[in-house]
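J.: To start, I am sharing the structure in question, which I have written as structure tokens.
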Amino acid sequence: MPAVKVKKSEAEQAKKVLKRAGIYDGKRRPKRDGEDILLPITDSKKVQNLGFEVVDIELPLRPERQIYKNLESILKDKFTKEELEFLRRYDVIGDIAIIQIPPEIEHREKEIVDALLKVHPFLKVIAKKGFHKGVFRVRDYTIIWGENRLTTVHKENGVEIKVDLSKVFFNPRMKGERYRLAQLVKDGERILLMFAGILPYALVIARYKAAEITAVELNKDAVRLGLENIELNKKNLKGSIRVIQGDVFDAVPKLGTFDRVISPTPKGVDALRLALEKSEKWVHYYDFVHEDKIEEFKRRIISECRELGKECNVKIKKVSDFKPHVFKVCADIELL
Ligand SMILES: C[S@@+](CC[C@H](N)C(=O)[O-])C[C@H]1O[C@@H](n2cnc3c(N)ncnc32)[C@H](O)[C@@H]1O
């Protein structure tokens with residue numbers, strides 16, 4: 001098999017050139033040869049114009065797992081497009097994969113598990129996801145492979161988040177939103193975080209900004225994990241986080257006002273008025289809205305502000321699909 005021989009110090013640059021020419025063989029491993037490196041290629045003719053020394057050598061294939069980049073590439077010939085559409089929407093939380101498997105293909109669970117393990121060889125647990133339940137928004141899970149646990153430590157945005165999926169809500173897909181909000185915050189801000197959960201928003205904001213965050217959460221297990229998470233990240237936090245265990249609708253009215261209020265509102269709860277009342281400048285209010293009702297939602301925010309004697313600018317951002325035509329949105333509200 002062909003490979004090019006280059007000085008070790010030139011290997012990275014040569015690899016780039018070969019990749020650009022479309023002849024780098026990613027399925028095989030490069031090999032050290034004294035002061036040189038042998039880089040695997042797929043085509044010895046095409047390399048001739050590039051001026052590399054070509055040798056013929058058997059380079060080892062990479063383990064299969066390193067070749068597969070995603071689940072679809074493994075399952076695309078075995079499942080229909082619609083089935084793949086479902087399967088590709090899985091989440092990885094720490095070393096746990098969470099997947100939804102439609103009933104029609106439940107009997108093919110093993111194939112799906114094997115494919116997930118090829119893409120993510122570090123997984124220790126694979127669980128099927130059910131629906132969110134109750135006010136704490138905890139999901140039902142069935143473990144289908146691996147260790148019998150739903151606790152793990154998830155890393156995102158430079159923080160570590162201890163999670164117990166059997167007791168608390170956690171959504172790794174909000175990673176981008178958490179980073180976005182952290183970038184909007186200025187050092188020194190006083191922030192109220194309602195429905196704070198295990199503190200993913202608070203931790204990411206405090207990681208980047210010297211803000212003073214007050215977090216309110218009802219679920220005792222989430223509060224306990226949240227406090228553990230503060231401890232886990234304390235060396236890396238610029239900001240401070242105070243946690244209040246209690247009902248937002250009892251605890252928040254007793255607090256003063258804040259520069260910014262963030263409400264990752266649970267489905268079916270309306271805390272808009274409270275969030276607007278408690279902010280002096282910014283509100284980020286999450287809700288689930290049908291695409292036809294987005295303008296109506298915006299008008300409602302403006303009118304609630306006016307009832308409080310405030311004017312505002314409102315921008316509504318679609319954050320994720322919730323179900324057909326219904327989006328999770330974030331209203332970024334600037335109080336004037
Ligand atoms: C959608 S989750 C968001 C959690 C967290 N902010 C996150 O993004 O992971 C909503 C959270 O609100 C909490 N919750 C529900 N009703 C509450 C209430 N009345 N007062 C305080 N927390 C509440 C739930 O326990 C849950 O942790």
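J.: With the cut-off at 23 Å, tell me which of the pairs LYS162/LYS315; LYS69/LYS110; LYS175/LYS235 have Cα atoms farther apart than that.
T.: Too far apart for the 23 Å limit: LYS162/LYS315.
J.: Something else: On the accessible surface of the chain, probed at 1.4 Å, how many percent belong to carbon and sulfur atoms?
T.: About 49 percent, which is the carbon plus sulfur part of the accessible surface.
J.: Can you give me the orientation-averaged projected area of the convex hull built on the Cα atoms of the chain, in nm²?
T.: Spelled out: convex hull of the Cα atoms, projected over all directions, averaged, 22.3 nm².
J.: Rounding to the nearest 10 and keeping the result within 0 to 90°, find how far the Cα-based axis of helix 175-184 lies from the longest principal axis of the chain.
T.: 60
J.: Provide the convex hull volume over Cα atoms per residue for region 80-222, in Å³.
T.: Spread over its residues, the Cα hull of region 80-222 gives 118 Å³ apiece.
J.: While we're looking at this one, here's another question. Which of LEU123, ILE112, GLY146 sits farthest toward the positive end of the charge dipole of region 1-156, with +1 on the Cβ of Lys and Arg and -1 on the Cβ of Asp and Glu?
T.: Among LEU123, ILE112, GLY146, the one farthest towards the positive end of the dipole of region 1-156 is LEU123.
J.: Along region 27-35, what does the Karplus equation 6.51 cos²θ - 1.76 cosθ + 1.60 (θ = phi - 60°) give for ³J(HN,Hα), rounded to whole Hz, x for Gly and Pro?
T.: Each residue's phi maps through the Karplus curve to give 7, 10, 8, x, 9, 6, 9, x, 8 Hz.
J.: Suppose every K and R has +1 on its Cβ and every D and E has -1 on its Cβ; what is the size of the dipole of the chain about the Cα centre, in Debye to the nearest 20?
T.: 600
J.: So, counting K/R as plus one and D/E as minus one, what does the shell of residues with Cβ under 9 Å around LYS209 add up to?
T.: In short, +1.
J.: Let me have the relative contact order for region 170-335, percent, based on Cα pairs under 8 Å that are six or more residues apart.
T.: In percent, rounded to a whole number, it is 18.
J.: Where both residues lie in the chain, what percent of DSSP beta bridges are antiparallel, nearest 5?
T.: 70
J.: A further question on this structure: What residue among LEU232, HIS132, ILE37 has its Cα farthest toward the positive end of the dipole of the chain, where the charges are +1 on Lys, Arg and -1 on Asp, Glu, each on the Cβ?
T.: ILE37
J.: Could you put THR257, THR265, THR42 in order of accessible surface area, largest first, with the 1.4 Å probe and the full protein assembly present?
T.: Order by accessible area, largest first: THR42, THR257, THR265.
J.: Express the relative contact order of the chain as a whole percentage, based on alpha carbon pairs under 8 Å and six or more residues apart in sequence.
T.: 9
J.: Remind me, what semi-axes does region 53-151 give for its equivalent ellipsoid, largest first in whole Å, using sqrt of 5 times each Cα gyration tensor eigenvalue?
T.: 32, 17, 11
J.: So what's the projected area for region 2-62, the Cα convex hull averaged over all directions, in nm²?
T.: Average projection, Cα convex hull of region 2-62: 3.6 nm².
J.: Measuring from centroid to centroid over Cα atoms, what is the spacing of region 1-75 and region 203-259 in Å?
T.: Comparing the Cα centres of region 1-75 and region 203-259, I get a distance of 49 Å.
J.: With angles folded into 0 to 90 degrees, how steeply does helix 220-233 sit against the dominant principal axis of the chain? Use alpha carbons for both and round to 10.
T.: Here the helix axis deviates by roughly 50 degrees.
J.: For the Cα atoms of the chain, what angle does the longest principal axis make with the long axis of helix 109-119, in degrees from 0 to 90, nearest 10?
T.: For helix 109-119, the angle is close to 80 degrees.
J.: Please state the charge dipole magnitude for region 170-335, taken about the Cα centre, from unit charges on C-beta atoms (+1 on K and R, -1 on D and E), reported in debye and rounded to the nearest 20.
T.: 520
J.: If each DSSP helix of 4+ residues adds -39,500 (n - 2.57) and the sum is divided by the residues in the chain, what number results at 222 nm, nearest 500 deg cm²/dmol?
T.: That calculation yields -7500 deg cm²/dmol at 222 nm.
J.: With +1 assigned to the C-beta of every Lys and Arg and -1 to the C-beta of every Asp and Glu, and no other charges, what is the dipole magnitude of region 66-149 about the Cα centre in debye, to the nearest 20?
T.: In total the dipole reaches around 280 debye.
J.: Further, regarding this structure: Would you kindly derive the ³J(HN,Hα) couplings of region 49-62 from the backbone phi angles with the Karplus curve 6.51 cos²θ - 1.76 cosθ + 1.60 (θ = phi - 60°), listing them in order in whole Hz, with x for Gly and Pro?
T.: 6, 8, x, 8, 7, 9, 10, 10, 8, 8, 9, x, 5, 5
J.: Hey, another quick one. Name the residues whose placed amide hydrogens come within less than 5 Å of the amide hydrogen of ALA215, ignoring near sequence neighbours (fewer than 5 apart) on the same chain.
T.: LEU193, ARG242, VAL243, ILE244
J.: Got the relative contact order for region 2-62 handy, in percent, Cα pairs under 8 Å and 6 or more residues apart?
T.: 50
J.: Starting from the Kirkwood Rh over alpha-carbon pairs, what translational D in µm² s⁻¹ does region 226-321 have by Stokes-Einstein at 10 °C and 1.306 mPa s?
T.: Estimated via Stokes-Einstein, D reaches 103 µm²/s.
J.: Also: Go ahead and set up a Gaussian network model of the chain, Cα springs under 10 Å, then flag whichever of TYR285, TYR141, TYR24 fluctuates most.
T.: Looking only at TYR285, TYR141, TYR24, the biggest GNM fluctuation is shown by TYR24.
J.: Now, a different point. Ordering ARG306, ARG62 from largest to smallest accessible area (1.4 angstrom probe), what's the sequence?
T.: Final ranking, largest accessible area leading: ARG306, ARG62.
The values are calculated or read from the model by the stated rules, or taken from the named source; none is laboratory data. Here the structure is a predicted model, which is why all the values come from computation and not from measurement. We place every Cβ from the backbone using ideal geometry, glycine too, and count neighbours over all the protein chains shown. Note: areas computed on protein heavy atoms with side chains; ligands, DNA, RNA excluded. Shrake-Rupley method; radii C 1.70, N 1.55, O 1.52, S 1.80 Å.
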